[in-house]
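Everything below concerns the one structure shown next.
The values are calculated or read from the model by the stated rules, or taken from the named source; none is laboratory data. This is a predicted model, so every value here is computed, not measured. When we count neighbours, we look across all protein chains shown, and the Cβ atoms used for this are built from the backbone with ideal geometry, even at glycine. Each accessible area value is taken on the protein alone, full model and side chains, heavy atoms only, with ligands, DNA and RNA left out. Shrake-Rupley method; radii C 1.70, N 1.55, O 1.52, S 1.80 Å.
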Amino acid sequence: QVLEHVPAPDAAVRELRRVVKDGGRVLLSTHGIYPFHPNPDDLWRWTHTGLERLFQTNAEWASVKVRPGAGTAATVAMLVAHVVDLLAKRAHVRPAGAPFVWALNASGEALDRVIPPLQQAIPGSLNANYHVEAVA
């Protein structure tokens, strides 16, 4: 979960390929939709097709697979939960907001499980993060 902080993601992917042995795997996760969080910089948000292109155009990989780490309902729930948590924190009642945050996240995950298309990276979907598996 650091690719959004890297000034040159193309160079990072080339370095990942350089240091992994043939047949080895790179497992990477990074944000699709996520609140801004500079530490010190927050530079990028990704799509599954953008990550595939980033890996395929910057090194020789035997295969590159990208899948969503969370579906649309879980992503929307996470964003709403983030706002609830932020408001509760600013109102100095953060513990009181915790059950709402939990309920939102649990509901979003449950919806994604019972409605499989919500789990897919398709036009109109929202995905909080992506998991990349690149085989050298």
Checklist entry - When the residues of region 2-23 are filtered to those that are of a type in the set (Lys, Arg) and loosely packed, with under 12 Cβ neighbours inside 10 Å, which remaining residue is farthest from Pro123 (Cα to Cα)? => result Lys21
Item to check | Of residues in region 118-135 being of a type in the set (A, V, I, L, M, F, W, C) and outside any strand (DSSP E or B), the one nearest to Gly108 (Cα to Cα) | outcome: Leu118
Checklist entry - Residues of region 24-52 being out of contact with any helix residue (DSSP H, G or I) (no Cβ under 8 Å at 6 or more places or on another chain), under 16 Å from Asn127 (Cβ atoms) and outside any loop (DSSP other than H, G, I, E, B), which ones? => result Ser29, His48, Thr49, Gly50, Leu51, Glu52
Item to check | Near pairs, Cβ below 9 angstrom, 6+ apart or cross-chain, from region 81-102 (of a type outside the set (Ser, Thr, Tyr)) to any residue that is open to solvent by 80 Å² or more (accessible area, probe 1.4 Å) and modelled with pLDDT under 95 | outcome: His82/Tyr34
